[in-house]
1. Could you tell me which of the residues K145, K48, K98 is over 20 Å from K188 (Cα atoms), more than 15 Å from the chain's Cα centre (by Cα) and away from the ligand (no atom under 12 Å from the Cβ)?
2. Look through segment 1-45, keep the residues that are closer than 24 Å to L172 by Cα, more than 8 Å from the ligand (Cβ to nearest atom) and assigned to a strand (DSSP E or B), and return whichever of them is most open to solvent (accessible area, probe 1.4 Å).
3. Return the residue satisfying two criteria in turn: it lies in segment 52-77 and is farther than 13 Å from I29 by Cα and not in a helix (DSSP H, G or I), and of such residues it is farthest from the ligand (Cβ to nearest atom).
4. Could you please let me know if V39 is within 26 Å of D184 (Cα to Cα) and of a type in the set (V, I, T)?
Amino acid sequence: MIIILFGPPGAGKGTQAKLLSNYFNIPHISTGDILRRHVKEDSVLGKKAKLYMDSGELVPDELVTDMILERIRKPDAKNGFILDGYPRNVSQAQSLNKSVKEIGFDVDLAIYFEASKDVIVKRLSGRRVCKKCERIYHVVNMPPKKDMVCDDCGAELYQRKDDREETIINRLNVYLKQSTPVLDHFSKHSKLKKISADSEANSVFNVLKDTLDRLKNSDLEKINK
Ligand code: AMP
C-alpha cells in the first residue's frame with residue numbers, strides 16, 4: 001500500500017503518518033525528517049539543504065528526488081510506505097509516478113489534509129520535536145509530561161528553526177505557489193481523498209483509519225462518498 005499525505009505545513013501530516021505507520025506496519029517516509037538528519041550530521045547533502053530549509057524554501061528537486069528514490073527501494077518498504085512531504089511540486093510528482101511503476105507499485109491513495117490558516121499557524125508555532133526520536137509535541141495540544149523533555153526517550157525537545165513565525169508565512173506561500181498544482185496531478189493520476197485536518201489528532205486519525213480500511217477492502221467507490 002502506498003499512501004501519500006499531502007497538504008500545507010502544519011496540517012498534521014507528520015503526526016498522522018506516525019500513527020498510520022504503526023497501524024499498518026509500513027514505514028513512514030518523510031523528506032523533511034531525512035533532510036533534517038542530513039543537516040544534523042552535516043553531510044554534503046545537509047550542507048546544501050540547510051539554507052533552503054531554514055528560510056522555508058524547497059530544496060532543489062535533484063537533491064530530494066534521488067534521496068527519496070533511494071529510500072523507497074529499501075527492503076523495509078517492499079510492502080508499501082507512507083510518504084509525507086513528497087511530492088511537493090509537479091516535477092516531483094512525475095518522478096514519483098515513474099519510479100513507483102519501475103518498482104512494480106502504484107500509488108494507492110493521496111490524502112489531502114485541508115486546514116485553515118489560523119490552525120496552521122497555531123500548530124506550527126507551538127510544535128516541539130524530540131531531538132533524538134523525532135516525536136512531535138505541541139505546547140498546548142499535546143504537551144510532554146515534563147516540560148521540554150520527551151516522554152518516550154527522555155531527550156530534550158526543540159523548536160524547529162522553520163517553525164518560527166517569520167518563516168511560517170514564507171512556507172505557506174511556497175506551498176500555495178509550488179505545491180497546490182500537485183492536487184490536479186493527483187486528481188488525474190491517483191485516487192485523491194480530501195479530509196478536514198482542523199480537528200484534534202485522534203479524530204483525524206479515526207477518519208483516516210476508516211478511509212484506509214475501506215481502501216484495503218477495495219471499496220474505492222465508497223471512499224469518495
Ligand atoms: P517538512 O518537515 O515536510 O515541513 O519539510 C521541512 C523543509 O524541508 C521544507 O520547508 C523544505 O525546505 C524541505 N523539504 C522537505 N520535503 C521537500 C521536498 N519534497 N522538496 C523540496 N524540499 C523539501
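The values are calculated or read from the model by the stated rules, or taken from the named source; none is laboratory data. Predicted model only: the values in this text are computed from it and were never measured. In this analysis, Cβ positions are derived from the backbone assuming ideal geometry, glycine residues included, and neighbour counts consider all displayed protein chains. We work out accessible area using only protein heavy atoms, side chains counted, and drop any ligands, DNA or RNA first. Shrake-Rupley method; radii C 1.70, N 1.55, O 1.52, S 1.80 Å.
1. Result: K145 is the single residue among K145, K48, K98 that is over 20 Å from K188 (Cα atoms), more than 15 Å from the chain's Cα centre (by Cα) and away from the ligand (no atom under 12 Å from the Cβ).
2. H28
3. Ranking the qualifying residues of segment 52-77, first place goes to P60.
4. no
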